[in-house]
1. Return yes when F69 is of a type in the set (F, W, Y), touching a Ser or Thr at 6+ places or on another chain (Cβ under 9 Å) and not in a loop (DSSP other than H, G, I, E, B) and no when it is not.
2. Considering only residues that are assigned to a helix (DSSP H, G or I) and acidic (D, E), look in region 11-57 and name the one that is farthest from the chain's Cα centre (by Cα).
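Where a number appears in this text, it was derived from the coordinates with a stated rule and is not lab data. All values derive from a computational prediction rather than experimental measurement. Here the Cβ positions follow ideal geometry from the backbone for every residue, glycine too, while neighbour counts run over all protein chains shown.
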Amino acid sequence: MDYTIVYFSEAVQDDILGLPDTLAARYVVLTRRMVALGPNLGEPHTKAFGDGLFELRLKGAEGIARVFFCTLVGRRIVMLHSFVKKSNKTPPRELEIAESRLKEFKHANS
């Protein structure tokens with residue numbers, strides 16, 4: 001049985017689909033794999049952040065992007081937040097947004 005990908009909001013979906021071309025193409029390839037095989041693709045494609053938060057790691061000609069996601073019962077993968085990386089470390093503000101949305105989504109779906 002396949003997984004389903006849902007988005008925290010329409011704005012999150014628009015941000016992800018608005019990524020530069022090679023990053024968006026990589027997103028499509030990796031999410032198709034996630035739908036078929038599950039959310040844990042292993043590094044370098046996915047990485048766990050703890051407390052149910054994970055990141056999808058995208059690399060393309062235009063740079064590097066990250067998409068934070070979580071998984072829910074019922075084989076659902078929820079895309080929470082995306083950003084284009086400009087430094088080696090994940091900016092604290094980007095992580096805070098993802099963690100806040102994770103809490104909000106879990107609270108609304110518990």
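1. So F69 fits the description; yes.
2. Among those residues, the one meeting the criterion is D21.
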